[in-house]
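Here's the structure, in structure tokens; my notes come after.
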Amino acid sequence: MKYLPISSALFVKNRKKFTAQMKPNAIAVFNSNDIYPISADSTMPFQQHRDIFYLSGVDQEESILILFPDAPYEHQREILFLRETNEHIAIWEGEKLTKERAFEVSGIKTVYWLSDFEKILFELMTYAETMYINTNEHYRQSVETETREARFVKWWKEKYPAHNVAKSNPILQRIRSVKEQEELDLMQTACNITEKGFRRLLSFVKPGVTEYEIEAELIHEFVRNRSKGFAYTPIIASGNNANVLHYIENNQPCHAGDLILLDVAAEYANYSSDLSRTIPVSGRYTDRQKAVYNAVLRVKNEATKLLVPGALWKEYHKEVGKIMTSELLGLGLLDKADVQNENPDWPAYKKYFMHGTSHHLGLDTHDYGLLHEPIKANMVFTVEPGIYIPAEGFGIRLEDNVVVQEKGEPFNLMRNIPIEVEEIENLMNV
Ligand SMILES: [Mn+2]
């Protein structure tokens, strides 16, 4: 891990929030992700399952967490199982968590090796009435492989068919969406690393650079600041590539006069940041580019103000749609008839702005959060309107990450990342 140690107090709090919502006499189990194979003996870099990380801080494969708050004996209420390590294994595999180190990371006193898991689980199951299984109910999930968690759930239910089953996911969605101060600090760090990468670009971009050279500048800056890299696959889209919403080829040269849409951001300690900026290859926006840019910026600023406690997700998007519609009328991209005749299920503005304005942000880039429940303080959202005009050869998206406040406007974690036209032009022309 490149990130600095995180206080175990965060994970202690997170577990308390989870167990407070469990039914009486219930046991919950959480698994690490598998290390996914490529072929032969090569593997993808390990990515910890965000739920076990959130509840324990353990960032290692083949780990299992048990929570059983009503277990008869105190040492059975929180248990970690880890892959066995010793001095010999450390020589080959590098350092893995020892039992002592696992306690420091997680605050969990009872730590066993994985080989003891089935035996200890059996004893606990004889006391428990309900088993909390961890399924993935994220609104955008689409998983084709069987995760280690899913494999375990299958085995667990088959082995213990007489227990009641309950779902961990709604509890996790609810508690993970409201961030603790420690989490906001980690997310601010991720945003600060992203800022360094973006500033580095501003002095690097000029006509003739390729999209992948820009990607290389970013990864260099991210890793040297303790990030493991991009929080999500980066989009570096010059000219009309910006109008392909999920353009990730990043293999084209950037031409004078074009814009580059950058949707690029660093992770830190498994927390995502999520930035979009749109900059001119030549260091100056044309008047038309500037007009569209400032329209997108106004929509972003107005939309941000709507993210307040009690706001409803669907209403929020409707309101942003109205703001966007008025900007598109101002730019001459829509006329009054387009709006009067619009289909309420696919309003006219969607021709130029076809994606959502916001999503939860946290340990996942599209983070947990129950979208049918009102917005709460300390939720973190992206705000990312865009206007895409293939006929004019450019698309513009601007995206910041903001924290909903108890009172007043959201706090912008990206307040220091240049966004005004003048500031970007000045920094590109030093
Ligand atoms: Mn986003």
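Quick notes on this one:
- Qualifying residue in the range 282-292 (condition: in a loop (DSSP other than H, G, I, E, B), under 26 Å from HIS372 (Cβ atoms) and away from the ligand (no atom under 16 Å from the Cβ)): no
- Taking the range 197-221 as the range and being in contact with an Asp or Glu (Cβ under 8 Å, 6 or more places away or on another chain) and crowded, with 17+ Cβ neighbours inside 10 Å as the test, the residues that pass are GLY197, LEU201, GLU211.
- Contact map, the range 327-353: first residue more than 17 Å from ARG298 (Cα to Cα), second residue in a loop (DSSP other than H, G, I, E, B) and acidic (Asp, Glu), Cβ cut-off under 8 Å, separation 6 or more or different chains; pairs are ALA348/GLU342.
- Every pair of residues 6+ apart whose Cβ atoms lie under 8 Å, when the first sits in the range 79-94 and is within 15 Å of SER32 (Cβ to Cβ) while the second is assigned to a helix (DSSP H, G or I) and acidic (Asp, Glu): PHE81/ASP116; THR85/GLU93
- When the range 160-192 is filtered for residues that are part of a helix (DSSP H, G or I), without any contact (Cβ under 8 Å) to a residue 40 or more places away in the chain and closer than 21 Å to GLN141 by Cβ, only ASN169 remains.
- Within the set PRO344, PRO309, the sole residue that is at pLDDT below 95 and out of contact with any Asp or Glu (no Cβ under 6 Å at 6 or more places or on another chain) turns out to be PRO344.
- Residue within the range 324-341 that is farther than 18 Å from ASN294 by Cβ, outside any helix (DSSP H, G or I) and either out of contact with any helix residue (DSSP H, G or I) (no Cβ under 7 Å at 6 or more places or on another chain) or more than 16 Å from the ligand (Cβ to nearest atom) (or both) present: yes
- For the range 106-119, the count of residues that are modelled with pLDDT under 95 and over 16 Å from GLU62 (Cα atoms) is zero.
- Residue in the range 378-391 that is exposed (fewer than 14 other Cβ atoms within 10 Å of the Cβ) and at pLDDT 95 or above present: yes
The values are calculated or read from the model by the stated rules, or taken from the named source; none is laboratory data. Being a predicted model, the structure only gives us computed values, none of them experimental. Cβ atoms come from the backbone with ideal geometry, glycine included; neighbour counts cover every protein chain shown.
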